[in-house]
Amino acid sequence: MFGKLSDYSLDGQTLTLHYEKQTAYLQVLTADIINVFVPLYTEEHRSKAIEDNKELPVSVSLEKSASYIMLTTPSISCRIYDNFKLDFYDKDGTLLCADYRGNRIPRFQLQDSFIEFIKQEGHDVDMAGSMDYPVQSVKVLDQDDCIYGLGDKTGVLNKRYYEYENWNSDIPDPHEDCFKSLYKSIPFFIILKEKGLYGIFYDNTFKSYFNFGKENNGYYSFGSDNGNLDYYFIGGSSMPDIVSNYTYLTGRMPLPQKWTLGYHQSRWGYDSEETFRSLAENMAKYRIPCDALHFDIDYMEHYKVFTWNKERFDDPALLLSDLKKQGIKAVTIIDPGVKVEKDYPMYEEGIANDYFAKTPDQSVYVNAVWPGDAVYPDFGNPSVRDWWGNHLSFYVNLGVSGIWNDMNEPASFNGPLPDDVIFTDEDRPSTHKEMHNVYGHNMAKATYEGWKRLTGKRPFVITRACYSGSQKYTTAWTGDNQSLWTHLRMAIPQQCNLGLSGMAFVGTDIGGFGADTTPELLIRWVQVGCFSPLFRNHCAKGNMNQEPWLFGDEVIAIYRKYVELRYSLLPYFYDLCRVCTQTGLPVIRPLVLHYEHDEAVRNLNDEFLVGEQLLVAPVVEQGAVKRMVYLPEGIWYDYWTHKEYQGKEYYLVDAPLDTCPIFVKAGSILPKAPAQMYVGELDNPALILEIYPGEGSYVHYQDNGEDFAYEDGAYNEYCFTKNAAGSLETTMLHEGYEKYPEIILNYV
Ligand code: GLC
């Protein structure tokens, strides 16, 4: 407890609070965002997620009353009490977020004697663990509060009643709802109340704990093993506002190259030139559009990063250029672990320059990953990031088009890295304990910046591990899922929550990574996956291959139908990416994002929106050929049959194996492209507008899809508006690029 508030002063937008035992700060960043900072560990923030000064000038006032002082912005106010108790209100005076004042009363606690007893059978007895962390905040939960976000956690959409941890983890077992952590740490969540809502971004990279009402229905808590109490209260009048405010703070995804939105085929086990050539041949033979093949670890020599195996690949540059003639780009995996091997340049150079993490006694820290004994580049050091980024020229020169960063939690095969391994935090030495959760983030940053320097193109980076703010540098996939129906189901809330947490460009391994897929599961998965921004079929060595042509004619035809659907919708996906760069709103969205007042969608796990215009209700149950669909308010049209539905209603719809139920909102103007086998096969193709009944307007974006010329104005922005009489008017909001040769209007 901090004791009594003895003194305070407001300097600009920062309020300094002197308590008897501690000094704390509240900084107003925008009308909606207040930072709460208690310097328990460092005097300054040292955020990895927030990179620039985000303070905007707003009017801030301070009032004093008998028991509290009140800091007010144009949108929110915070009442500040003794013992650093804070309560946040919206501008109408509705209490949104109150610090919890009562005793902690776990709903369930075990006596020590029982704990030993339960452990005897090997059970994990986590309720007996500490509820108190050195750094923490406990806040009131109201009966109807729902909780969303927190990145890539397992389980359902609404995190209320669940408990999670942030410690980037590579756990190869099938991901289950009870897993507390996966590969990513994104300490941001949204609390949607019966009246009002807010977000909390807890910017602390140490191992962190989130208990969303599991300990007690009346409060939730977040805390860490160390670091500062440094969190942002984020207000806003709607869920999109909160997401926008969070991504204002931590950044938004950059515009991707357009081809990256195409189809990607991958497998751990593609290991020779012949394999890649035959994959490309089969894509063409079976008429499955494809933009990328992924080269997993077997392209390397003995899993040494920045090498290419010369025995199995005669001439990688020739292979990559031949693939490119067919429109297929190469994406290569790069793991952080550098093999310990004399005369291996990456190892020798890293050692010579002191670029690897160290033990406390200053020797290079060695663990093991794919190449055996390996050392860890210290990506928190800017010189290491530059070094790594410059070496990417090896890949650029061979004709590689994108980089897939894996194992960057960092993973380790010889037990976990000890807490005290020394890593750098920019300009000061730090430890694994502090830098673990941002290791993937810093690796992605090195990759993005290096690739941009070398190519001038929009870098395509995929990562497994990341932290808040990584969306500025990288896309992500959800790691090693399994060919299980439960994992197909999980893909929906997982991607929705990643999107709410700023990571908009995400995807899952279609078909499942581990275990063997079935034809039915693969089909149902591609029906979900074709809506993921990252559209990749990937699976593990040792399991059945998952290329669609291995499963017979029916599978090929249905698989092709959904890959073609994606290619036809590419202008829409590209527009959604552009919107995301401006607003932070993700591509895949839970219905609750746009219909937050509709109770029916607060726990809806098996439907999602793609932008605002499309609603997807995929089949995620084995054997099902019908499903119940909930449509929120408004009028909706079946994408396939154009049948009209009234919203705020449940419908039982047909969904035979070749049908994924998709609905289009009335008034939609859906931009589409003619069929192509890869992005750019047709030079400046026509734009097709699919125009649905109802009034509406739509902003469409067009540029060269590759580089940064759009930053200098080389793009077009069209606004299409349909008036009550049904005719379409086009206004150019911006003109700076070659226009479409033709715009085809298809009225539904
Ligand atoms: C990890 C990755 C997986 C990859 C494998 C081999 O398990 O998550 O995608 O195929 O390593 O590199």
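Here, each number is a calculation from the coordinates, and none is a lab measurement. Owing to the predicted nature of the structure, the values given are computational and were not obtained by experimental measurement. Cβ placement follows ideal geometry from the backbone for every residue including glycine, while neighbour counts extend to all protein chains displayed.
Multiply the residue separation of E681 and T23 by 0.36 nm, subtract the distance between their alpha-carbon atoms, and state the gained length in nm to one decimal. Display every interim value, and only then the final one.
Details: separation 658, 0.36 × 658 = 236.88 nm, distance 6.15 nm.
Full-extension gain reported as 230.7 nm.
Bin by bin, in steps of 5 Å, what percent of the Cα pairs in the stretch 113-259 do you find, going until the bin that has the longest distance?
2, 9, 17, 19, 21, 15, 9, 4, 2, 2, 0, 0, 0
At Y81 and I118, where each label point lies 7 Å from the Cα along Cα→Cβ, what is the point-to-point distance in nanometres?
3.3
Could you let me know the centre-to-centre spacing of the stretch 8-44 and the stretch 139-170, using Cα atoms, in angstrom?
Using only Cα atoms to place each centre, the spacing works out to 27 Å.
Count neighbours as other Cβ atoms within 10 Å of each site's Cβ, and list the chymotrypsin sites (Phe, Trp or Tyr not before Pro) in the stretch 98-128 that are DSSP loop with at most 15 such neighbours.
F108
How would the stretch 504-582 be classified by its alpha-carbon gyration tensor: rounded, prolate or oblate, with rounded meaning a/c under 1.5 and the a/b versus b/c comparison settling the rest?
Working: a/c = 3.39, a/b = 1.66, b/c = 2.05.
In terms of gyration-tensor shape, oblate.
Relative to the Cα centre, what is the charge dipole magnitude of the chain, using +1 at the beta carbon of each Lys and Arg, -1 at the beta carbon of each Asp and Glu, and rounding to the nearest 20 debye? Could the numbers behind the result be given before it?
Values: 66 positive and 104 negative charges, 176 e Å.
Computed about the Cα centre, the dipole is about 840 debye.
With +1 on the Cβ of every Lys and Arg and -1 on the Cβ of every Asp and Glu, and nothing else charged, how large is the dipole of the stretch 605-645 about its Cα centre, in debye rounded to the nearest 20? Kindly include the intermediate steps, with their values, before the conclusion.
Numbers: 3 positive and 7 negative charges, 38 e Å.
Roughly 180 debye for the stretch 605-645.
Cβ under 11 Å from I80's Cβ, I80 left aside: what net charge do those residues give with Lys, Arg +1 and Asp, Glu -1? Don't skip to the answer; put the middle values down first.
Numbers: positive: K64, R79, K85; negative: E63, D82, D87, D99.
Charge balance in the 11 Å sphere: -1.
Once the piece of chain linking K325 and D386 is laid out straight, how much longer is it, given 0.36 nm per residue of separation minus the C-alpha distance between them? Please list the in-between numbers first.
On the way: separation 61, 0.36 × 61 = 21.96 nm, distance 3.19 nm.
18.8 nm is the gain from fully extending K325 to D386.
Given contacts defined as C-alpha pairs under 8 Å and at least six residues apart, what's the relative contact order of the chain, whole-number percent?
Working: 1784 pairs, mean separation 80.2, N = 748.
Here the relative contact order equals 11 percent.
Compute the orientation-averaged projected area for the chain from the convex hull of its Cα atoms and round it to one decimal in nm². Mind showing how you got there, number by number?
Working: hull surface 132.5 nm².
Average of the hull's projected areas for the chain equals 33.1 nm².
Using the 10 angstrom Cβ neighbour count as an exposure proxy, how do E194, E607, E273 rank, fewest first? Walk me through the intermediate numbers first.
On the way: E194 12, E607 23, E273 17.
With the sparsest Cβ surroundings first, the list reads E194, E273, E607.
Once both labels are modelled 7 Å past Cα along the beta-carbon direction, what's the T641-F708 spacing in nm?
Going from the T641 label point to the F708 one covers 5.1 nm.
Treating the beta-carbon of each Lys and Arg as +1 and of each Asp and Glu as -1, no other charges, what is the dipole magnitude of the stretch 297-369 about its Cα centre, to the nearest 20 debye? Walk me through the intermediate numbers first.
Details: 9 positive and 13 negative charges, 64 e Å.
In total the dipole reaches around 300 debye.
Can you sort S6, S181 by how many other beta carbons sit within 10 Å, fewest first? Intermediate results must be reported in sequence, preceding the final value.
Working: S6 12, S181 22.
By the 10 Å Cβ count, ascending, the order reads S6, S181.
From the residues N545, H594, C577, which one has its Cα farthest along the dipole of the stretch 542-595 in the positive direction, the dipole being from +1 and -1 charges on Cβ of Lys/Arg and Asp/Glu about the Cα centre?
The listed residue farthest towards the positive side: H594.
Using +1 at the C-beta of Lys and Arg and -1 at the C-beta of Asp and Glu, which of P172, L249, F188 has the Cα lying farthest in the positive direction of the dipole of the stretch 139-260?
Ranked along the dipole, the leading option is L249.
Between the stretch 274-301 and the stretch 599-658, how many Å separate their Cα centres?
So the two Cα centres are separated by 34 Å.
Compute the signed sum of charges (Lys and Arg +1, Asp and Glu -1) over the other residues within less than 12 Å, Cβ to Cβ, of V579. Each step should come with its number before you reach the end.
Working: positive: R252, R578, R589; negative: D575, E612, E717.
Net local charge, V579 excluded: 0.
Would you mind computing, in nm to one decimal, how far apart the modelled labels at E43 and R107 are, each placed 7 Å from Cα along Cα→Cβ?
Modelled inter-label distance: 4.5 nm.
So what's the stretch 638-679 giving for Rg/Rh, alpha carbon basis, Kirkwood Rh from the mean inverse pair distance? Each step should come with its number before you reach the end.
Working: Rg = 13.4 Å, Rh = 12.8 Å.
Across the stretch 638-679, the Cα-based Rg/Rh ratio is 1.04.
Restricting to DSSP H runs of at least four residues, report the calculated mean residue ellipticity at 222 nm for the chain, -39500 (n - 2.57) per run over all residues, nearest 500 deg cm²/dmol. Intermediate results must be reported in sequence, preceding the final value.
Numbers: 14 runs with 150 residues, N = 748.
After summing the helix terms and dividing by the residues of the chain, the value is -6000 deg cm²/dmol.
Under a 5 Å amide H to amide H cut-off, with H placed in plane at 1.01 Å, what residues pair with W404 once short-range neighbours are removed?
Result for W404 returns T332, I333, I334, I462.
Between the alpha-carbon centers of the stretch 475-531 and the stretch 410-429, tell me the distance in whole angstrom.
After rounding, the separation between the Cα centres reads 30 Å.
Counting other C-beta atoms within 10 Å, which of D314, D112, D145 has the fewest, and how do the rest follow? Spell out each step's value before the answer.
Working: D314 11, D112 8, D145 19.
So the residues, fewest neighbours to most, are D112, D314, D145.
Can you give the relative contact order of the stretch 182-274 as a percent, counting alpha carbon pairs under 8 Å and 6+ residues apart? Don't jump to the answer; show the numbers that get you there.
On the way: 97 pairs, mean separation 21.2, N = 93.
Averaging sequence separation for qualifying contacts and normalising by length gives 23 percent for the stretch 182-274.
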